[in-house]
Amino acid sequence: MPAVPSARELSDFYATYNDTYSGGGASGGANLARYARRYLELVREHAGTGRLIDVGSSNSPFPDVAASVGFDTTLMDFTRPAGLSERVDFVAGNINEGRIFEGGQDAFDVVTCWAVMEHLPDPRRSAGVLAGLCRPGGILLLSTPEIGTSLTRWSLGRSPWFYPPEHLCLVSPQALGRIFEPLGCDLLQHSRLELTRLRYFARYGIGVAEAAVGWPVKRLAPHLWEQLRDSRRHAFQGVSCFVLRKRGQAQGR
């Protein structure tokens, strides 16, 4: 893209983002609820209760779902979603600014950031905020479009996940680990995120097929592969999920 949007431009863009966001696709918003339940499953694999902050939820019901099962839940975003439950605390802010709100430093047992990393102009700066919100010994869970894997490195075309000013960057598993390691966070788990096995095999079957075609082209006709990479988008759209733990021990609580 010619230029990264400014902080003011991003704030203006996301000031009205909740008005139309429904999770994409043709589900009419139903997938937001499905993903919220899936996110909760992932969180409960690593934490039973405690203080949880979800960053950048937009209209996702995940904060309400987390609060309903006993998490002391906070949402941080540009604007408060219209349907957010009163039992969820709301903090107006965003991690693009690189600063932690008062009382937020090392305050949360669980930090979640679902489908947000791709929206960030400076992932390193924002990762510092996410790590800072997490208490020592706490966990961070993030999801972001899949990039930098065999299914994306070989495909004939560039990723359809990149579309500024909404999606500004794509972060590979290797890059994400390098971003968070100096912040005191160890990558515990990297997996693929999907709602059902049927959807998983359908989505990743497309990825395997595209990579299988692209691999011999890249090896035998690299110039043609590069031309196709620049001129088209591949169909595969995978989602990566990461679990990190912040090093250190929790202080007396």
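The values are calculated or read from the model by the stated rules, or taken from the named source; none is laboratory data. All values derive from a computational prediction rather than experimental measurement. Positions of Cβ are generated from backbone atoms using ideal geometry, with glycine treated the same way; all protein chains shown enter the neighbour counts. Note: areas computed on protein heavy atoms with side chains; ligands, DNA, RNA excluded. Shrake-Rupley method; radii C 1.70, N 1.55, O 1.52, S 1.80 Å.
Tabulated data for the structure shown
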item: Yes/no for R34 being open to solvent by 40 Å² or more (accessible area, probe 1.4 Å), assigned to a helix (DSSP H, G or I), within 20 Å of T144 (Cβ to Cβ) and of a type in the set (D, E, K, R); result: yes
item: V217, sole failed condition from (1) within 22 Å of E118 (Cβ to Cβ); (2) more than 21 Å from the chain's Cα centre (by Cα); result: (1)
item: G137 assigned to a strand (DSSP E or B), modelled with pLDDT of 95 or more and among the small types (G, A, S); result: yes
item: In region 183-214, the residues that are of a type outside the set (G, A, S) and either without any contact (Cβ under 8 Å) to a residue 40 or more places away in the chain or part of a loop (DSSP other than H, G, I, E, B) (or both); result: L193, E194, L195, T196, R197, L198, R199, Y200, F201, R203, I206
item: Selection within region 215-234 - assigned to a loop (DSSP other than H, G, I, E, B) and open to solvent by 60 Å² or more (accessible area, probe 1.4 Å); result: R232
item: Answer residue from region 95-138, given it is acidic (D, E) and under 19 Å from R51 (Cα atoms) and is least open to solvent (accessible area, probe 1.4 Å) among those; result: D109
item: Region 38-94, subset farther than 30 Å from D12 by Cβ and of a type in the set (S, T, Y), residue most open to solvent (accessible area, probe 1.4 Å); result: T49
item: Cross-chain or 6+ apart pairs with Cβ under 8 Å, region 121-137 first and in contact (Cβ under 8 Å) with a residue 24 or more places away in the chain and of a type in the set (S, T, N, Q), then part of a helix (DSSP H, G or I) and open to solvent by less than 10 Å² (accessible area, probe 1.4 Å); result: S126/I95; S126/M117
item: Close pairs (7 angstrom Cβ cut-off, 6 or more residues apart or separate chains): farther than 13 Å from L42 by Cβ and in contact (Cβ under 8 Å) with a residue 60 or more places away in the chain in region 104-116, of a type outside the set (D, E, K, R) and in a loop (DSSP other than H, G, I, E, B) anywhere; result: D109/A47; D109/G50; V116/G56
item: Residues of region 37-61 satisfying the condition of being part of a helix (DSSP H, G or I) and of a type in the set (A, V, I, L, M, F, W, C); result: L40, L42, V43
item: Residue list for region 235-246, restricted to those being open to solvent by 60 Å² or more (accessible area, probe 1.4 Å) and in contact with a Pro (Cβ under 7 Å, 6 or more places away or on another chain); result: Q237
